[in-house]
Each structure stands twice: as structure tokens, then as C-alpha cells.
1. Check F26: other-chain or 5+ apart residues with amide H under 5 Å from its amide H, H built from backbone geometry?
2. Taking 8 Å as the Cα distance limit and 6 or more residues as the minimum spacing, I'd like the relative contact order of the chain as a percentage.
3. Got a sec to turn the phi values of the stretch 159-167 into Karplus ³J(HN,Hα) couplings, 6.51 cos²θ - 1.76 cosθ + 1.60 with θ = phi - 60°, whole Hz, x for Gly and Pro?
4. For K208, enumerate residues with amide H under 5 Å from its amide H, sequence gap 5+ or separate chain, H modeled in the peptide plane.
5. Rounded, prolate or oblate, given the Cα gyration tensor of the stretch 7-60, with a/c below 1.5 counting as rounded?
6. With every protein chain present, what is the per residue accessible area of the chain (1.4 Å probe, Å²)?
7. Determine by what factor the alpha-carbon radius of gyration of the stretch 57-132 differs from 2.2 N^0.38 Å, reporting the quotient.
8. In 10 Å bins starting at zero, report the fraction of Cα pairs in the stretch 141-220 per bin as a rounded %.
Amino acid sequence: MEITKITVQKKRKDRFNIFVDGAYAFPVSEAVLIKLGLNKGMQLTPERMEEIESENSAYLAYTTAVDYLSYGLRSEKEVRTKLREQEIPEAYIEPALQRLRDQKYIDDLIYGESYTRTMMTINRKGPRVIAQELKQKGLDEPTIMTALDQYPENVQLENALALAEKTLRKQSRVSSREGGQKTRLYLQQKGFDKEIIQQVFEEVETEKSAEDELDALRVQGDKAWVRYARKAEGRALVQKVRASLYQKGFANELINTYIEEKELNDE
């Protein structure tokens, strides 16, 4: 087999098309072309063809990974997944990853620390959620624990407090107790530990004024009244509404006030 022609690809000037015995055979990168000294008239043995294929695959694995990393930091697992998606042979993935490790292009600790700082600053996520996400990205437990050192307790408290205050402001139509429960659950879902949540609730005001609490009760009471009035009336309707409001965390005194108002308005 003889290389009879070498042409530059139209869309990629760093890649060349190799023609063997007058017919197109395969593409190669400029780096592989130079490294192996490929030129017109060169005779290609089966061993030489295997060498070209190996060099091409190794180069493709490395450059694909570098291109992927050019858009931002990635974990080692993310890079490996990307190479597999590009159907890079497994035999060439690990050498490419090792080369990237040696060059510090991939470093799970650096990635984990950066990810932690971003999530705590932009998304205000708690450490537990961040740890779960880093685990999904392939980081091992010791690396995750070290990365989370970037998230000091005072910042956790500051973030959790800001989220709690924002959530509580949205609870104007529910009881103080239900608003507090929803806020606590939200902080848990965001990944904050119970110790931080407890500190938050020692600082925020969850109790509404009596007037605001009664306004919230009226909203919930009217909804319950319309819902239960479809199947009940009289004392049975009142009992259902009363039970519903009690389950939602409203105090009996306020419930009585609402029921009295409702009965007077309905007379």
C-alpha cells in the first residue's frame, strides 16, 4: 500500500486526508502527520497502519478532552463520560486522562472546591446537597470533604438565614406554624444540617401579628368553606372547616373568631 495523495481538509486546516493506492483511506491530524512523517510515496505496512490508527485515536482522545475543558472546569468522571459519548476507544481514554492529570487540566479537588464556592455563592445551596452533587460527578468522599472546607459555618448560616427570610415572606396566606414548617423543610431540601437550621430559627421571627394571622386564616377558611359546602352544611360544615384550619396550624381562638364572622355574614 502506498500513500498517493495528501490533502488539507476544507473545514479544518489542521487535519489531512490520506489517499492510499489512489483512493481515500483515512484522515489524520497535523500533529500525527508530522510525528509519523507521513508523505506521498510512503509505503504502508499493516504494522504502520496500526501505528497510525493508534496515534490518531490517542490524539483525538486528548484534543476532544481539551476542547471540552475549554468551556469550564470538569470532573474526571465528566471528561471520561464525554470521551465515551464521542466513541473514543476505551484503550485511549485512560492515557488521555493521565496526561491531563499530569498537566493539571483535570484535578477533582480543584474542581470540587470551585464547585462548592459557586454553589454556595450563587445558588446558596447547603453543604449536604453540594456533597451529593459532587458525588454524582465522580468525586470520592475524602475529596468531597476537603472541598467542603471552602464553605465555612458562618457562610452556611448567612445563606440559610437569607433563604429562610425570603421563604417566610412568601407564607402570608398560611399560619405561622405552617409557614415555619415549610421554611424548615425548604432549608432541609437545600442541604443545610439541622444545627444550622436550629440557629436560623433562633434568629428569624416566624410568628405573625394577630391581625396578619387572622387574615391568613380567613383566606384558608374561605377556601375550606367553599370546598366542604359542596357536600356538607350546618354544624357538619362548620366542624369540617374547623378541623381543616386546626390542621393548618391556626389557634382555636382565631378559628372561633372566623367561624363567628362567617356565621354572622351568612345570617
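The values are calculated or read from the model by the stated rules, or taken from the named source; none is laboratory data. Every value quoted in this text rests on a predicted model; they were computed, and no experiment measured them. Protein only, heavy atoms only, side chains kept; ligands, DNA and RNA dropped before computing areas. Shrake-Rupley method; radii C 1.70, N 1.55, O 1.52, S 1.80 Å.
1. I18
2. The normalised contact order for the chain reaches 12 percent.
3. Coupling constants for the stretch 159-167: 5, 4, 5, 5, 5, 5, 5, 5, 5 Hz.
4. Hits under the 5 Å cutoff: S176.
5. Oblate, because a/c is 1.5 or more while a/b does not exceed b/c.
6. On the way: 16130 Å² over 267 residues.
Dividing the accessible area of the chain by its residue count gives 60 Å².
7. 1.22
8. With a bin width of 10 Å, the distribution comes to 18, 43, 24, 10, 4, 0.
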